[in-house]
Amino acid sequence: MADTYVQLTIDDSSPSVAYSPFRDTLGAPNPTAGWNPYYDPNGYAASPGQLANGTSLHITSLNGAALAVQWTGTGVQLFGNTTNAAYTVALDGVPISPFPNASTTATSPAPSASSASGLLADIQGLPDVPHTITLTALISSGSTSGSSMLVFDRAVVLSSPVPTSK
């Protein structure tokens, strides 16, 4: 019998995603100060209280800005992209690998990255217990505003299904 998994998508706008230094710089968009919500195709909100329209993303150009997702399961995928930026991934507090321009891979547990597909990290084969994944932006100090950024779209987590009794 093939392994079956439950797949859950956690959107960037979910309160389950913990952003640091903050999830919204409020006021005028300022990616160099932290994370900013962005809506495709409408862009940044022009004023506080403006209704969002489109696919949500969170964007940062701040070196060291991070996000964390906690879940119980056997795998996780992070989706987004980078522009002239790199990032690190830590699983349960242990660094996995730096991902310069989202193009390197590491082993055991096997994370992989492919910016072209929007996949920032893919870690599978974990024990089905609580985990935390942390994604941290590595932005060059010489970058001009908007020339380097890390964009986060969503996390997809996998876990074993809860057995049903017959």
Checking THR88 against (1) part of a loop (DSSP other than H, G, I, E, B); (2) modelled with pLDDT of 90 or more; (3) surrounded by 14 or more Cβ atoms within 10 Å (Cβ to Cβ), the condition it does not meet: (1)
Check on VAL6, more than 17 Å from ALA85 (Cβ to Cβ) and buried (at least 18 other Cβ atoms within 10 Å of the Cβ): no
Within the range 45-62, considering residues that are part of a loop (DSSP other than H, G, I, E, B) and crowded, with 16+ Cβ neighbours inside 10 Å, the one modelled with the lowest pLDDT: ALA45
Of residues in the range 94-146 being more than 19 Å from THR72 (Cβ to Cβ), crowded, with 18+ Cβ neighbours inside 10 Å and among the small types (Gly, Ala, Ser), the one modelled with the highest pLDDT: ALA137
Residues of the range 13-23 that turn out to be closer than 19 Å to LEU138 by Cα and of a type outside the set (A, V, I, L, M), as a count: 5
Any pair with Cβ under 7 angstrom, 6 or more apart, that starts in the range 66-78 at a residue that is free of Cβ contacts under 8 Å to residues at least 12 places away in the same chain and ends at one that is surrounded by fewer than 20 Cβ atoms within 10 Å (Cβ to Cβ) and not in a strand (DSSP E or B): none
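Restricting attention to the range 23-31, does a residue exist that is touching a Ser or Thr at 6+ places or on another chain (Cβ under 6 Å) and surrounded by 15 or more Cβ atoms within 10 Å (Cβ to Cβ)? Break it down stepwise before answering.
At the first step, the residues of the range 23-31 found to be touching a Ser or Thr at 6+ places or on another chain (Cβ under 6 Å) are 31.
In the following step, the residues that additionally are surrounded by 15 or more Cβ atoms within 10 Å (Cβ to Cβ) were identified as 31.
Yes - at least one qualifying residue is present in the range 23-31.
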Tabulated pairs, the range 23-52, first within 18 Å of ASN63 (Cβ to Cβ) and among the β-branched types (Val, Ile, Thr), second at pLDDT 75 or above and part of a loop (DSSP other than H, G, I, E, B), C-beta under 7 angstrom, 6+ apart or interchain: THR25/ALA33; THR25/GLY34; THR32/SER61; THR32/LEU62
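The values are calculated or read from the model by the stated rules, or taken from the named source; none is laboratory data. Keep in mind that what you see is a predicted model, and the values were worked out from it rather than measured. Glycine gets a Cβ as well: all are built from the backbone with ideal geometry, and neighbour counts include every protein chain shown.
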